[in-house]
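S.K.: Okay, here's the structure, questions in a sec.
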Amino acid sequence: MISRAAVSVLTPALRLLDAETAHRLALAALRHGLVRAAPYRDDTALQVRALGALFPNPIGLAAGFDKNAVAVLPLMRLGFGYIEAGTVTPRPQPGNPRPRLFRLPAAQAVINRLGFNNEGVEAFRARLPALAARQCPFGVNVGINKDGADPERDYPALVAALTPFADYITINVSSPNTPGLRDLQSEARLSAILSAVKAMVPVRPPILVKIAPDLSDAGLETVVETAVIHSAAGLIIGNTTIARPGDLSGANAKQAGGLSGAPLFARSTEMLARAHRLAAGRLTLIGCGGIRTGGDVLTKIRSGASLVQLYTAFAYSGPALIPRLKQELLQALQAEGFANVSEAWGTAA
Ligand SMILES: Cc1cc2nc3c(=O)[nH]c(=O)nc-3n(C[C@H](O)[C@H](O)[C@H](O)COP(=O)(O)O)c2cc1C
């Protein structure tokens with residue numbers, strides 16, 4: 001068994017490998033029990049009740065890290081408040097040709113154009129009964145295949161297949177790497193998908209819609225109203241961006257794909273705050289994009305997020321990130337005079 005401290009030491013070594021190989025090795029180490037954290041209980045000030053569940057802390061792992069749900073329990077043991085696995089599609093698919101994952105270390109960012117490489121819903125679902133004894137909530141993120149997709153057929157079928165196993169299900173209509181996917185954020189397409197889900201799966205866990213940080217103001221307003229009308233429980237704001245900040249530099253800055261990490265923080269947080277004002281309590285919002293510190297977590301919560309999630313900072317910092325973020329969050333809450341996470345919710349939106 002390798003301790004968490006040892007893995008933190010190993011994380012820089014993983015950085016010398018190409019990004020996708022490093023990710024594969026990290027996942028394999030988790031899956032085979034090589035990374036373990038000492039069990040501990042989170043401070044009750046971090047607890048959040050949302051989406052009909054109790055989250056020990058608000059910091060989740062975003063979709064894309066464990067696309068095939070192979071390491072959910074070991075990831076939970078690292079101290080996340082919840083894990084979102086996927087994106088899973090109806091059929092297995094290889095994704096785009098490699099290389100397709102690029103680090104931009106100076107910017108603490110990543111560009112990916114993986115294209116929903118995954119083993120398909122059948123293999124994914126076969127792993128889920130083992131999660132019945134999980135220690136925190138489990139979300140599933142669903143998407144459509146690149147070829148032969150029919151969103152109004154495929155999303156409901158995925159929701160039906162995964163309903164018995166998930167605490168919430170995210171409809172992903174915002175990856176930039178599946179042609180046409182982001183068009184499903186329009187009023188007509190999203191309404192059709194959400195109504196089909198409702199009609200075909202009357203009893204289901206809370207449904208979230210994950211949106212792109214590139215949506216216009218009008219686009220965001222449409223998504224908020226469409227989600228409310230069709231009984232979605234909330235939004236994840238948001239996915240990676242196709243925008244490139246002017247000061248993004250480095251060998252990989254011009255790669256095609258979705259940009260994640262630090263450069264996404266300001267835009268995604270601004271959009272979150274706007275969604276909070278528009279939704280006026282009718283939706284549960286999950287803040288995602290560029291979180292690196294406990295202070296960042298608190299900023300998202302104050303901007304209207306009930307929960308947050310992250311990917312890129314975890315890829316750079318490894319498992320030691322999670323206890324650090326929780327410690328920093330507790331300190332930030334205290335410094336700003338909040339007794340707990342819930343008290344801070346929406347106070348800066
Ligand atoms: C390598 C990589 C793969 C990703 N794959 C998915 C995915 O399959 N589904 C999804 O909804 N989001 C995916 N994302 C987006 C993340 O879930 C998250 O929304 C985004 O990276 C912003 O958060 P961050 O700045 O903390 O990374 C991926 C991100 C990265 C970096």
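The values are calculated or read from the model by the stated rules, or taken from the named source; none is laboratory data. None of the values given here were measured: they were computed from a predicted structure. Please note: Cβ atoms are built from the backbone with ideal geometry, for glycine as well, and neighbour counts cover all protein chains shown. Heavy atoms of the whole protein, side chains included, go into the accessibility calculation; ligands, DNA and RNA do not. Shrake-Rupley method; radii C 1.70, N 1.55, O 1.52, S 1.80 Å.
S.K.: Return, ordered by residue number, the residues of region 136-179 whose backbone nitrogen is under 16 Å from a label point located 7 Å along Cα→Cβ of Arg127.
M.R.: Hits in region 136-179 for Arg127 at 16 Å: 138-143, 162, 165-167.
S.K.: Based on the Cα coordinates of region 225-349, what is the per residue volume of their convex hull in Å³?
M.R.: 120
S.K.: Still on this model: Lys/Arg Cβ at +1, Asp/Glu Cβ at -1, dipole of the chain taken about the Cα centre: which of His276, Ala315, Gly219 is farthest positive-ward?
M.R.: Ala315
S.K.: Calculate what fraction, in whole %, of the accessible area of the chain sits on carbon and sulfur atoms when a 1.4 Å probe is rolled over the protein chains.
M.R.: Here carbon and sulfur together make up 55 percent of the probe-accessible area.
S.K.: When the Cα centres of region 221-299 and region 59-125 are compared, how far apart do they sit, in Å?
M.R.: Cα centroid to Cα centroid, the span is 18 Å.
S.K.: Check the straight Cα-Cα distances from Lys300 and name the lysines below 20 Å, setting aside those fewer than 8 residues away within the same chain.
M.R.: Result set, ordered by chain and number: Lys210, Lys326.
S.K.: Rounded to the nearest 500 deg cm²/dmol, what is the calculated helix-only ellipticity per residue at 222 nm for the chain, with -39500 (n - 2.57) per DSSP H run of length n ≥ 4?
M.R.: Roughly -10500 deg cm²/dmol at 222 nm, from the helical runs in the chain.
S.K.: Separate question: List the residues, sorted by chain then number, that are 5 or more residues from Ala349 or on another chain and whose placed amide H is less than 5 Å from its amide H.
M.R.: Residues meeting the criterion, in which the H sits 1.01 Å from N, do not exist here.
S.K.: How much length is gained on full extension from Arg36 to Ala106, taking 0.36 nm per residue of separation minus their Cα-Cα distance?
M.R.: So the extension gain works out to 22.3 nm.
S.K.: Taking every alpha carbon pair in the chain, what does the distance histogram look like in 20 angstrom bins from 0, in percent?
M.R.: 33, 62, 5
S.K.: Nearest 0.05, what FRET efficiency do Gln327 and Gln47 give at R0 = 25 Å with Cβ-Cβ as r?
M.R.: The computed FRET efficiency comes out at 0.95.
S.K.: Using the Cα centre as the reference, give the magnitude of the dipole from point charges on the C-beta atoms of the chain (Lys, Arg: +1; Asp, Glu: -1; all else neutral), rounded to the nearest 20 debye.
M.R.: Charge dipole of the chain: 720 debye, to the nearest 20.
S.K.: Another question about this same structure. What relative contact order, as a whole-number percentage, does the chain give when Cα pairs under 8 Å and 6 or more residues apart are counted?
M.R.: Worked out over the chain, it gives 18 percent.
S.K.: I want the local charge near Gly290. Using Cβ-Cβ distances under 13 Å, sum +1 for each Lys or Arg and -1 for each Asp or Glu among the other residues.
M.R.: Taking every Cβ under 13 Å from that of Gly290, the sum is +1.
S.K.: Additional query: Under unit Cβ charges (Lys, Arg +1; Asp, Glu -1), what dipole magnitude, rounded to 20 debye, does region 63-220 have relative to its Cα centre?
M.R.: Once rounded to the nearest 20, the dipole reads 440 debye.
S.K.: Then there's this: What accessible area per residue, rounded to a whole number of Å², is obtained for the chain using a probe radius of 1.4 Å?
M.R.: So the chain comes to 40 Å² accessible per residue, rounded to a whole number.
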